[in-house]
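Let me begin by presenting the structure, written as structure tokens, before commenting on it.
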Amino acid sequence: MIENGILNINKPEGWTSQDVVAKLRGRLHIRRVGHTGTLDPMATGVLPVCFGKATRIIEYYDDDFKTYEAEMKLGMVTDTLDITGTVLETKPVDVSEDDVIQTIDSFRGWITQIPPKYSALKVNGKPLYKYAREGVEVEIKSRKIYVEDIQPVEVNLRENRILFRVTCSKGTYIRTICDDIGKKLGCGGTMTSLQRTQSGCFRVEDARTLPEILEMTDEELERCVIPMDETLVHLGRIELKSMESVPFYYNGREIDTGYVNVLASPAVPEAMQEESRLGDKYRVYDPEGKFLGISSLRENTLYPEKVIR
């Protein structure tokens with residue numbers, strides 16, 4: 001029986017991320033199942049789903065960059081910032097291809113954006129979309145996000161459609177980028193499709209569809225499960241020198257660095273280092289290569305943080 005690990009799911013259009021979790025919970029017969037980053041129902045693509053003990057490491061994916069391919073239509077503004085919403089305004093489009101390329105390029109690096117009012121972000125414990133449906137106006141604070149790369153894939157001004165690819169930090173709303181591009185061009189814009197093609201080490205080329213997963217035997221499914229420690233690409237790696245240290249680690253005891261081998265340092269992206277909480281985090285293994293948990297390393301001392309046993 002498969003008890004722990006991660007499945008790389010290609011989320012279908014029209015499903016919420018929680019719909020996927022619910023289906024997998026039934027297939028795996030495991031209560032502890034969770035995803036690593038919400039996709040809107042209209043979006044498709046990479047949705048890593050952790051189950052069993054792997055749900056305890058979800059917070060360590062925070063520094064993973066995510067890559068999307070998005071299509072937007074110029075000259076249209078909707079209340080949801082995507083094609084599923086009510087059209088609020090249409091405008092003529094009088095821009096050149098160079099205008100579009102330069103505008104898209106201006107969204108690189110650290111930028112601020114205001115999350116959509118139709119989103120699951122909570123204000124005072126209540127999702128924004130519930131306020132929006134009730135017609136209640138609430139203050140939505142801007143947030144700082146990082147765009148590592150953004151570039152146009154296709155600019156079709158005959159149909160006023162733009163396809164672009166963006167790699168960005170956690171918390172980025174691609175709908176908002178589309179809306180902000182439209183505002184900057186002066187003609188408005190709304191997102192018409194979205195696919196997440198990568199999230200950290202998870203790629204859409206390697207993802208499996210829900211029907212595939214649901215029809216697999218347990219043996220076939222087990223071959224698709226990714227061990228949790230292999231996916232923590234930003235964390236360093238430490239090995240205890242002696243099996244005698246393992247019980248101390250499992251009991252949450254601090255361990256002097258004289259009893260460990262540092263095999264790899266954390267690899268947090270340079271742009272994210274000031275914002276990251278993972279700069280001193282390491283995966284910890286016993287001398288035989290068994291994954292034991294996640295620890296902080298500070299002032300020559302290893303502090304157990306998440307013991308996995």
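The values are calculated or read from the model by the stated rules, or taken from the named source; none is laboratory data. None of these values were measured; they are calculated from a predicted model. Cβ coordinates were reconstructed from backbone atoms using ideal geometry, including for glycine residues, and neighbour counts include every protein chain displayed. Side chains are part of the model used for accessible areas, which takes the heavy atoms of the whole protein and leaves out ligands, DNA and RNA. Shrake-Rupley method; radii C 1.70, N 1.55, O 1.52, S 1.80 Å.
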Of (1) within 22 Å of T84 (Cα to Cα); (2) aliphatic (A, V, I, L, M); (3) within 21 Å of the chain's Cα centre (by Cα); (4) at pLDDT below 95, I140 fails just (3)
Result of the Cβ filter at 6 Å on the stretch 128-146, keeping first residues that are touching a residue at least 12 places away in the same chain (Cβ under 8 Å) and partners that are of a type in the set (K, R) and surrounded by 11 or more Cβ atoms within 10 Å (Cβ to Cβ), at least 6 apart or interchain, is L128/K117; A132/K117
Within the stretch 222-252, restricting to residues that are open to solvent by 70 Å² or more (accessible area, probe 1.4 Å) and within 30 Å of R208 (Cβ to Cβ), the one that is nearest to the chain's Cα centre (by Cα) is E230
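Which one of V77, V93 is of a type in the set (A, V, I, L, M), in a strand (DSSP E or B) and within 23 Å of K184 (Cβ to Cβ)?
Details: V93 fails: in a strand (DSSP E or B).
Selected residue: V77, the only one of V77, V93 that is of a type in the set (A, V, I, L, M), in a strand (DSSP E or B) and within 23 Å of K184 (Cβ to Cβ).
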- Message: of a type in the set (F, W, Y), assigned to a loop (DSSP other than H, G, I, E, B), within 22 Å of the chain's Cα centre (by Cα) and over 30 Å from R27 (Cα atoms): is that true of Y118 in this structure?
- Response: yes
Going through the stretch 99-137 in order, the residues found to be modelled with pLDDT under 90 and small (G, A, S) are S119, A120, G125, A132, G135
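Suppose we filter G258, G189 for residues that are buried (at least 19 other Cβ atoms within 10 Å of the Cβ) and over 22 Å from the mean Cα position of the chain (by Cα); which single one remains? Step through it out loud before you land on a result.
Numbers: G258 fails: buried (at least 19 other Cβ atoms within 10 Å of the Cβ).
Of G258, G189, the one residue that is buried (at least 19 other Cβ atoms within 10 Å of the Cβ) and over 22 Å from the mean Cα position of the chain (by Cα) is G189.
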### Message
Would you confirm, using the coordinates I've provided, whether T176 is surrounded by 15 or more Cβ atoms within 10 Å (Cβ to Cβ), more than 30 Å from K23 (Cα to Cα), at pLDDT 95 or above and not charged (D, E, K, R)?
### Response
no
Subset of the stretch 143-172, residues open to solvent by 40 Å² or more (accessible area, probe 1.4 Å), of a type in the set (A, V, I, L, M) and over 21 Å from the mean Cα position of the chain (by Cα), comes to V153, L157
All-but-one check, T38 against (1) touching a Ser or Thr at 6+ places or on another chain (Cβ under 7 Å); (2) open to solvent by less than 60 Å² (accessible area, probe 1.4 Å), failing number (2)
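Can you name every residue in the stretch 121-169 that is assigned to a loop (DSSP other than H, G, I, E, B) and among the basic types (K, R)? Walk me through it before giving the result.
Narrowing the stretch 121-169 to residues assigned to a loop (DSSP other than H, G, I, E, B): 121, 124-125, 135-142, 157-160, 169.
Matches in the stretch 121-169: K141, R158.
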When every residue in the stretch 21-35 that is touching a residue at least 40 places away in the same chain (Cβ under 8 Å) and open to solvent by 30 Å² or more (accessible area, probe 1.4 Å) is compared, the one farthest from P116 (Cα to Cα) is R27
Counting only helices (runs of 4 or more DSSP H) entirely within the stretch 174-266, those with at least 2 residues that are closer than 23 Å to W15 by Cα are 174-185, 210-215, 218-224
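Please determine whether any residue of the stretch 267-290 is polar (S, T, N, Q) and touching a strand residue (DSSP E or B) at 6+ places or on another chain (Cβ under 7 Å). Outline the logic, then answer.
As a first pass, look at the stretch 267-290 and keep what is polar (S, T, N, Q): 273, 276.
Checking which are touching a strand residue (DSSP E or B) at 6+ places or on another chain (Cβ under 7 Å) leaves us with none.
There is no residue in the stretch 267-290 that is polar (S, T, N, Q) and touching a strand residue (DSSP E or B) at 6+ places or on another chain (Cβ under 7 Å).
Please state which one of I101, I58, I114 is surrounded by fewer than 18 Cβ atoms within 10 Å (Cβ to Cβ) and closer than 22 Å to V268 by Cα. Steps first, answer last, please.
Details: I101 fails: closer than 22 Å to V268 by Cα; I114 fails: closer than 22 Å to V268 by Cα.
On inspection, the qualifying residue turns out to be I58.
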